[in-house]
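The values are calculated or read from the model by the stated rules, or taken from the named source; none is laboratory data. These figures come from a predicted structure and were not determined experimentally. Note: ideal-geometry Cβ built from the backbone for every residue, glycine included; neighbour counts use all protein chains shown. In case anyone asks, the SASA skips ligands and DNA or RNA and just uses the protein heavy atoms, side chains included. Shrake-Rupley method; radii C 1.70, N 1.55, O 1.52, S 1.80 Å.
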Amino acid sequence: MITDEELSAFLDNELDDAGMERIRDAIAESPELAERVEALAMVDAQLKFGLHKIDERPMPKAIEAMLNDTADTEASVDEVSNVLPFRRVRKHTPMWLGGAIAACLVVVVGTQWDAGRFAGQGVTPQQLALTELASGESRELDEGSLRVNLSFRNGTGELCRQYSLYEARLVKEGIACLREDGWQTMALQPGRHSNALEFQTASGRADVDAALDEMQAQPVSLAEERVLIERGWEWENE
Amino acid sequence: MKNEIQALLPALRRYAYSLTGSMADADDLLQSTVERLLSRSVPENVALPAWAFRVCRNLWIDEHRARQVREKAVHDPLLQDAQVTDGEAQVHQQLTLEKVQQALATLKEEQKQIVSLVAVEGMSYKQVSETLGIPTGTVMSRLARARAALSNELGWAW
């Protein structure tokens, strides 16, 4: 009778050779036992995920204020607990990527929401949201809820943000890049049906992945993003 | 799917290493696994991580084991396992920091310590035993109980 203890030790390669072979045999012979091993293996991944999320959360503003010696009177930002920023470190294009941009992402070049910069007149609520929200945060707009997912630089070094628009039961994925006149929508995907449990539909995610790869996206760290937000995304002139 | 697979790679790789016993074979197995995962869709009532581990295991069985030990062998092993799934549909459960914290809260202090040192920090049983001043047998049993309890709480949430 094989115990959890042996299975656990197997996962850590802590059994002697004979012991390891014995468990291998058992795994090969019994799908039920194999599933048990795999469930235990999964725990490690889940724990790491949890700890990683702690590191990714922005520090409370009160703490940063104390250290920066600035009086921060703004109310603390609503921190969305289920933050899933894209963890993408693209060093090269993976071989399995075709290279064709996802057909479903409509490239909307040249569309601007409104002229005008931030904190000024003529700025749309969407532009404001893109300017003020940290990745993972949402804001209710008239047309629905906007949630920023990721900040990144594209292949030409422009700052861009990927966001989701939740309108009723539809989720639209969008990408906007910072130009001289403000945030410009580069791509906006037609709405996909969302279910209450998901922030993004699986197909929506796939399209976004393809578009990000096409744009050679290099993620901006949360720390850098914080600074950018504080500075109002000063447009970086070449 | 690619993001989720990427996040699972370290755990899959360790499993592949336990199965094959060699880093080179493990990486080969891992590559085959990823190729297979990307070329098929996940069956409806299986959580992605469960499916990923299963694909890895079956590829290992078919490619690396000398003897055919699986009964009722069907030509496509992946098809067979789709039928082996238990009847209950596994709803996709989102893993959150809160869920992990709640699950950890159910552990005894000593279990929490050990699971953190081994499962997260990657320390060997010997190292943990020396650090905490307890026998390796105790490390093994506490760790196993911790993993089992956490698995109970978290299931395949991802």
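Within the stretch B:88-111, can one find any residue that is closer than 16 Å to A:Asp12 by Cβ, at pLDDT 90 or above and more than 11 Å from chain A (Cβ to nearest Cβ)? Scanning the stretch B:88-111 turns up at least one residue that is closer than 16 Å to A:Asp12 by Cβ, at pLDDT 90 or above and more than 11 Å from chain A (Cβ to nearest Cβ).
For the stretch B:107-158, list the helices (runs of 4 or more DSSP H) that sit wholly inside it and hold at least 2 residues that are of a type outside the set (A, V, I, L, M, F, W, C) and under 15 Å from the mean Cα position of the chain (by Cα); which are they?
Values: elements: B:109-115, B:125-132, B:136-154.
Correct list: B:136-154.
The requirement of being within 30 Å of A:Asp17 (Cα to Cα), in contact with a Lys or Arg (Cβ under 6 Å, 6 or more places away or on another chain), at pLDDT 90 or above and part of a helix (DSSP H, G or I) is not satisfied by B:Ile61. Any idea how many residues of the stretch A:56-87 are at pLDDT 70 or above and under 30 Å from B:Ala119 (Cα atoms)? Going through the stretch A:56-87 one residue at a time, the tally reaches 5. Cβ-Cβ contacts under 8 Å between residues 6 or more apart (or on different chains), taken from a first residue in the stretch A:155-182 that is open to solvent by less than 10 Å² (accessible area, probe 1.4 Å) to a second residue that is assigned to a loop (DSSP other than H, G, I, E, B) and basic (Lys, Arg), are listed as A:Gly182/A:Arg117. Of the residues making up the stretch A:27-40, those that are open to solvent by 10 Å² or more (accessible area, probe 1.4 Å) and either at the interface with chain B (Cβ under 7 Å from one of its Cβ atoms) or in contact with a strand residue (DSSP E or B) (Cβ under 6 Å, 6 or more places away or on another chain) (or both) are A:Glu29, A:Pro31, A:Ala39.
Any idea which of B:Gly133, B:Gly137 is surrounded by fewer than 17 Cβ atoms within 10 Å (Cβ to Cβ), more than 8 Å from chain A (Cβ to nearest Cβ) and on the phi > 0 side of the Ramachandran plot?
Numbers: B:Gly137 fails: on the phi > 0 side of the Ramachandran plot.
When all the criteria are applied, what remains is B:Gly133.
Among the residues making up the stretch B:108-130, those that are loosely packed, with under 15 Cβ neighbours inside 10 Å and under 18 Å from A:Glu38 (Cα atoms) are B:Val120, B:Gly122.
If I filter the stretch B:147-158 down to residues being in contact with a Ser or Thr (Cβ under 9 Å, 6 or more places away or on another chain) and open to solvent by less than 40 Å² (accessible area, probe 1.4 Å), which single residue comes out as modelled with the lowest pLDDT? Residue satisfying both the conditions and the ranking: B:Ala157. Pairs needed: first member in the stretch A:1-21, at the interface with chain B (Cβ under 8 Å from one of its Cβ atoms); second member anywhere, among the aromatic types (Phe, Trp, Tyr); C-beta distance under 8 Å; at least 6 residues apart or different chains. Qualifying pairs under 8 Å: A:Ala9/B:Tyr125; A:Leu11/B:Tyr15; A:Asp12/B:Tyr125; A:Asn13/B:Tyr17; A:Glu14/B:Tyr125; A:Met20/A:Phe10.
Scanning the stretch B:4-49 for residues that are of a type in the set (S, T, N, Q), closer than 22 Å to B:Ala119 by Cα and surrounded by 14 or more Cβ atoms within 10 Å (Cβ to Cβ) yields B:Gln6, B:Ser18, B:Thr20. Within the stretch A:22-40, can one find any residue that is in contact with a Pro (Cβ under 6 Å, 6 or more places away or on another chain) and either at pLDDT below 95 or of a type outside the set (Val, Ile, Thr) (or both)? Looking through the stretch A:22-40, none of the residues is in contact with a Pro (Cβ under 6 Å, 6 or more places away or on another chain) and either at pLDDT below 95 or of a type outside the set (Val, Ile, Thr) (or both). When you check A:Leu150 against the structure, is it modelled with pLDDT of 85 or more and either surrounded by 19 or more Cβ atoms within 10 Å (Cβ to Cβ) or not in a helix (DSSP H, G or I) (or both), yes or no? It is true that A:Leu150 is modelled with pLDDT of 85 or more and either surrounded by 19 or more Cβ atoms within 10 Å (Cβ to Cβ) or not in a helix (DSSP H, G or I) (or both). Go through the residues of the stretch B:32-41 one by one and say whether even a single one is among the charged types (D, E, K, R) and facing another protein chain (nearest Cβ under 10 Å). Looking for residues that are among the charged types (D, E, K, R) and facing another protein chain (nearest Cβ under 10 Å), one finds at least one in the stretch B:32-41, hence yes.
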